[in-house]
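Undergrad: Can you keep this structure in mind? I'll have questions shortly.
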Amino acid sequence: KEIVDTDDPEDSSVMGSEDLSPDYNIDLLLPSDASSGSNEDHQPDPVHVFRLWQLFVDRVNPLTKIIHVPSVQPYVMEAATNMNNIPLNYQALLFSIFTMAAVSLSDAEATQMLEFSRDDALRKYTIGTKMALTKFNFLKNYDMVALQALLLYLVR
């Protein structure tokens, strides 16, 4: 806690803090498979983005009420076209939303809707969440959106 509190808050950025020294305690919450690669490999197809979003709004959000749907909706629209234009904290939130939507599916529903198994969807979107949170350096950047993403990740 002392190390985190002594960091200069002006160094944090909504787009992430790749220039800051990495936090080696991140493995306490996120396993090490989130450290390399690209989020593009784990993002859903544009059609699946809208399906997963609607599943989250219908099945998960009424139970959790962690996000404000109208505030997140524009980022969902942008994610369908280009996930790289979205700030890392919102990328993490979207991936955690996709993960929770996949949790709400049965294996038959996932195969029909996403064209791959529920377990594959969970693995894919969970890794995307971990990668975005890690790149954002969520342990050093105090951000409500990253906290929402982390909470949804932990609830899954």
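Undergrad: Just the residues that are within 13 Å of residue 42 (Cα to Cα) and basic (Lys, Arg), please, taken from region 107-156.
TA: Of everything in region 107-156, those that are within 13 Å of residue 42 (Cα to Cα) and basic (Lys, Arg) turn out to be 123, 124, 130.
Undergrad: Looking at 124, 130, which is the one that is of a type in the set (D, E, K, R) and touching an Asp or Glu at 6+ places or on another chain (Cβ under 8 Å)? Show your work before the answer.
TA: Details: 124 fails: touching an Asp or Glu at 6+ places or on another chain (Cβ under 8 Å).
Answer to the check: 130.
Undergrad: If residue 72 meets every condition in (1) at pLDDT below 95; (2) within 13 Å of the chain's Cα centre (by Cα); (3) of a type in the set (A, V, I, L, M, F, W, C) apart from one, which number is that one?
TA: (1)
Undergrad: Mind counting the residues in region 81-115 that are over 18 Å from residue 136 (Cα atoms), without any contact (Cβ under 8 Å) to a residue 60 or more places away in the chain, open to solvent by 20 Å² or more (accessible area, probe 1.4 Å) and assigned to a helix (DSSP H, G or I)?
TA: 7
Undergrad: In region 52-65, what residues are modelled with pLDDT of 95 or more and either crowded, with 17+ Cβ neighbours inside 10 Å or in contact with a Leu (Cβ under 9 Å, 6 or more places away or on another chain) (or both)?
TA: Hits for region 52-65 are 52, 53, 55, 56, 57, 59, 60, 61.
Undergrad: What do you reckon, is residue 151 free of Cβ contacts under 8 Å to residues at least 40 places away in the same chain, under 21 Å from residue 65 (Cβ atoms) and in a helix (DSSP H, G or I)?
TA: no
Undergrad: Going by the conditions given, is residue 126 among the polar types (S, T, N, Q), part of a helix (DSSP H, G or I), open to solvent by 30 Å² or more (accessible area, probe 1.4 Å) and modelled with pLDDT under 95?
TA: So residue 126 fails the test.
The values are calculated or read from the model by the stated rules, or taken from the named source; none is laboratory data. Predicted, not measured: the structure shown is a model, and the values here were computed from it. Quick reminder, even Gly has a Cβ in these numbers, built from the backbone with ideal geometry, and neighbours come from all protein chains shown. Surface accessibility is based on the protein's heavy atoms, side chains included, excluding ligands, DNA and RNA. Shrake-Rupley method; radii C 1.70, N 1.55, O 1.52, S 1.80 Å.
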